[in-house]
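Chemist: Structure below; questions to follow.
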């Protein structure tokens with residue numbers, strides 16, 4: 001193992017910059033002569049816009065100009081399309097409504113943008129917005145995804161029902177037969193609650209336009225500049241080459257920052273209109289009602305089992321909230337992304353899933369950490385736990401009987417994923433052992449003596465990630481001996497600079513202090529897919545490996561020439577080229593310095609398939625009988641991420657994911673007024689997110705099984721913690737309360753009510 005190479009737990013390179021206040025986020029950047037944008041948003045959820053009066057506001061101090069949707073239309077700004085569609089189960093087309101950057105006829109959720117004010121300062125713009133008179137005829141609203149399907153519910157789009165799509169996957173006939181012949185059938189109805197991402201750094205944009213070159217420039221907090229450039233260019237009706245997108249440091253994305261938002265289009269449009277740079281940084285309250293949200297599914301699931309507790313079929317129906325508008329990948333998340341993972345880690349022979357997407361008067365729903373896979377994991381792992389109870393096999397034995405074995409890999413599921421590798425039973429056994437499951441009864445008794453209910457629960461998880469299109473890495477050996485890497489991924493806090501440095505050190509033996517990683521500039525980097533789906537290191541890292549090998553091949557030729565030997569007689573090790581049978585040598589750094597021009601290599605790598613990280617979580621918790629307050633007492637994880645680049649960074653990814661999963665499980669409660677569509681939990685006074693005190697030290701063990709479809713043997717890890725934790729926590733909680741199910745978020749009030757309802761049994 002090399003000192004700074006793959007597998008080493010070195011400290012993150014970028015952290016010194018961050019903790020010393022030298023990070024450069026969008027809000028830190030200012031351009032010469034810049035103006036500021038404020039977005040006037042609807043304060044009602046549903047209504048018809050009769051009139052917008054802007055004359056008085058235009059006269060307000062510091063105002064440069066004000067624009068409405070009519071201005072965008074007259075300037076040829078196009079609609080904002082969704083980037084993924086499905087067919088209905090009857091092969092008809094799904095309904096995909098138009099979305100404009102500024103609404104013109106109706107408002108469809110609280111936060112819907114109506115106008116933009118451009119002024120000399122943000123305060124001037126915000127003050128002027130109060131002088132704009134928007135005459136809106138308020139209409140009834142619907143926010144619940146199941147209620148939206150009622151014929152009596154108000155329509156989000158007048159030309160269509162509130163049904164967006166009705167989609168299916170799997171073999172219905174085989175699954176129905178499995179249920180006809182089942183010895184046992186278990187059922188559950190559950191909610192995957194709506195989550196508001198609340199990234200540490202809110203979204204922002206700084207737009208500029210050069211009329212001489214007819215070129216736009218956008219600086220924004222994103223998860224990838226190239227896809228964003230292409231989507232925005234389509235709306236502006238310009239060539240992608242006429243838009244440069246730059247992303248510097250990013251304070252968290254979690255899926256939410258990968259999309260094209262109205263504000264990006266609006267700031268660019270305004271910059272061209274006023275011939276000045278335009279800056280917009282979202283306020284926290286604004287983020288609650290303008291960022292995409294996550295999850296918000298209602299599911300009915302049932303499982304068929306034979307007399308031995310073997311799964312024979314699974315049938316699932318999910319209603320998925322889309323919000324008022326279709327975001328970029330909104331349709332993909334509850335369909336192909338999530339549904340295809342409903343097989344879990346189990347060898348169920350027949351599965352059928354029906355997903356119905358509905359429109360509501362709420363912000364758009366799209367990817368949030370895990371993007372469909374946490375939703376699927378929660379459904380299947382809750383269903384399995386109930387099956388374990390009903391068959392009296394318990395949560396461990398029911399899983400052991402049905403988990404895919406290591407010997408059965410590669411394994412094709414009933415939903416058409418082929419898992420290349422994994423040791424699911426091994427993960428389970430290690431997690432059960434490390435958690436001291438056998439000693440739980442004694443700890444439970446101690447808790448009861450303190451008026452506490454104690455529960456233990458587990459979940460096995462698997463996710464599909466690191467798939468999609470190619471990633472390209474360009475490595476340049478500069479004349480001064482340093483190394484520059486251009487790559488199309490984007491760091492959102494994961495530590496890319498460190499991980500990529502380690503891969504380079506592994507293959508090129510370069511001094512880590514001389515490595516410079518360049519991301520986030522669509523003009524400097526040919527293309528890239530950004531970050532998302534845990535693909536940056538498995539795919540981007542693979543491209544770096546290939547480019548590194550290319551560099552070695554090039555420099556080996558130069559070394560042979562310099563040492564006057566044949567190329568086949570050159571050996572390379574630890575950054576040094578040596579000529580066999582001689583004492584002649586040279587370094588890769590010396591060759592770079594002596595070269596007439598920088599030595600350069602560009603290579604792409606396209607993943608042949610998804611990778612499948614997997615593992616087992618065990619949660620142990622206490623519940624205060626008097627208050628319903630939950631305290632996590634012990635948390636154990638066994639993860640299989642394939643080859644590990646940096647165990648310290650990996651542990652950090654897992655910790656963060658578990659924190660977010662805990663947030664969904666017991667804290668984060670997105671509540672709308674059912675009558676008028678107002679968000680009632682639109683600030684941190686009402687919306688709880690995890691804090692350090694909510695967690696304990698997490699016991700993590702790696703059970704590494706190399707990935708067979710990745711040239712670095714990596715599986716990916718960024719989303720895993722958020723996938724495995726919600727079912728483990730809720731399984732532990734239902735165990736403590738001795739109930740079959742409780743919906744997320746299991747807030748103290750909800751838990752207390754369950755305790756009171758079952759007080760005689762507890």
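The values are calculated or read from the model by the stated rules, or taken from the named source; none is laboratory data. Keep in mind the model is a prediction, meaning the values are calculated, not measured. Cβ coordinates were reconstructed from backbone atoms using ideal geometry, including for glycine residues, and neighbour counts include every protein chain displayed.
Chemist: Mind checking which strands (runs of 3 or more DSSP E) fall wholly inside segment 378-494 and carry at least 3 residues that are modelled with pLDDT of 95 or more and outside the structural domain of residue 726 (by TED's automatic domain parsing)? Before you say what the answer is, go through the steps one by one.
Modeler: On the way: elements: 452-462, 471-477, 483-487.
The strands (runs of 3 or more DSSP E) meeting that bar are 471-477, 483-487.
Chemist: Counting only residues that are in contact with a helix residue (DSSP H, G or I) (Cβ under 7 Å, 6 or more places away or on another chain) and part of a helix (DSSP H, G or I), how many does segment 259-291 have?
Modeler: Adding up the residues that qualify gives 4.
Chemist: Given the options 729, 711, 739, 755, name the one that is part of a loop (DSSP other than H, G, I, E, B) and more than 30 Å from residue 543 (Cα to Cα).
Modeler: Values: 729 fails: part of a loop (DSSP other than H, G, I, E, B); 711 fails: more than 30 Å from residue 543 (Cα to Cα); 755 fails: part of a loop (DSSP other than H, G, I, E, B).
Only one candidate passes the filter, namely 739.
Chemist: Here is a further query. What is the residue count in segment 349-363 for residues that are surrounded by fewer than 24 Cβ atoms within 10 Å (Cβ to Cβ) and outside any strand (DSSP E or B)?
Modeler: 2
Chemist: Please note which helices (runs of 4 or more DSSP H) are completely contained in segment 1-118 and include at least 3 residues that are modelled with pLDDT under 95 and either outside the structural domain of residue 496 (by TED's automatic domain parsing) or over 24 Å from residue 148 (Cα atoms) (or both).
Modeler: Of the helices (runs of 4 or more DSSP H) lying wholly inside segment 1-118, those with at least 3 residues that are modelled with pLDDT under 95 and either outside the structural domain of residue 496 (by TED's automatic domain parsing) or over 24 Å from residue 148 (Cα atoms) (or both) span 15-19.
Chemist: If you check residue 334 against the conditions, is it under 28 Å from residue 26 (Cβ atoms), touching a strand residue (DSSP E or B) at 6+ places or on another chain (Cβ under 7 Å) and either at pLDDT 95 or above or part of a strand (DSSP E or B) (or both)? Spell out how you get there, then give the answer.
Modeler: Values: under 28 Å from residue 26 (Cβ atoms): no; touching a strand residue (DSSP E or B) at 6+ places or on another chain (Cβ under 7 Å): yes; either at pLDDT 95 or above or part of a strand (DSSP E or B) (or both): yes.
Spelling it out, it is not the case that residue 334 is under 28 Å from residue 26 (Cβ atoms), touching a strand residue (DSSP E or B) at 6+ places or on another chain (Cβ under 7 Å) and either at pLDDT 95 or above or part of a strand (DSSP E or B) (or both).
Chemist: Out of everything in segment 457-500 that is surrounded by 24 or more Cβ atoms within 10 Å (Cβ to Cβ) and under 30 Å from residue 388 (Cβ atoms), what residue ends up being nearest to the chain's Cα centre (by Cα)?
Modeler: 465
Chemist: Evaluate segment 665-678: report whether one residue or more is under 22 Å from the mean Cα position of the chain (by Cα), crowded, with 24+ Cβ neighbours inside 10 Å and more than 30 Å from residue 47 (Cα to Cα).
Modeler: Yes, that holds for at least one residue.
Chemist: Could you run through segment 399-411 and say how many residues are out of contact with any strand residue (DSSP E or B) (no Cβ under 9 Å at 6 or more places or on another chain) and within 20 Å of residue 619 (Cα to Cα)?
Modeler: Result for segment 399-411: 1.
Chemist: Here is a follow-up. Starting from residues that are in contact with a helix residue (DSSP H, G or I) (Cβ under 7 Å, 6 or more places away or on another chain) and in a strand (DSSP E or B), keep the ones in segment 292-305 and report whichever is surrounded by the most Cβ atoms within 10 Å (Cβ to Cβ). Before the answer, list the steps.
Modeler: To start, the set of residues in segment 292-305 that are in contact with a helix residue (DSSP H, G or I) (Cβ under 7 Å, 6 or more places away or on another chain) comprises 292, 295, 297, 299, 301, 303-305.
Now drop any that are not in a strand (DSSP E or B), which leaves 297, 299, 301, 303-305.
Numbers: 297: 24, 299: 24, 301: 21, 303: 27, 304: 25, 305: 24.
Checking each candidate, the answer is 303.
Chemist: For residues in segment 580-597 being surrounded by fewer than 15 Cβ atoms within 10 Å (Cβ to Cβ) and assigned to a loop (DSSP other than H, G, I, E, B), which is nearest to the chain's Cα centre (by Cα)?
Modeler: Among residues in segment 580-597 that are surrounded by fewer than 15 Cβ atoms within 10 Å (Cβ to Cβ) and assigned to a loop (DSSP other than H, G, I, E, B), the one nearest to the chain's Cα centre (by Cα) is 597.
Chemist: I need the full set of residues from segment 538-550 which are crowded, with 24+ Cβ neighbours inside 10 Å and either touching a strand residue (DSSP E or B) at 6+ places or on another chain (Cβ under 6 Å) or without any contact (Cβ under 8 Å) to a residue 60 or more places away in the chain (or both), in order please.
Modeler: Of everything in segment 538-550, those that are crowded, with 24+ Cβ neighbours inside 10 Å and either touching a strand residue (DSSP E or B) at 6+ places or on another chain (Cβ under 6 Å) or without any contact (Cβ under 8 Å) to a residue 60 or more places away in the chain (or both) turn out to be 538, 539, 540, 542, 543, 544, 547.
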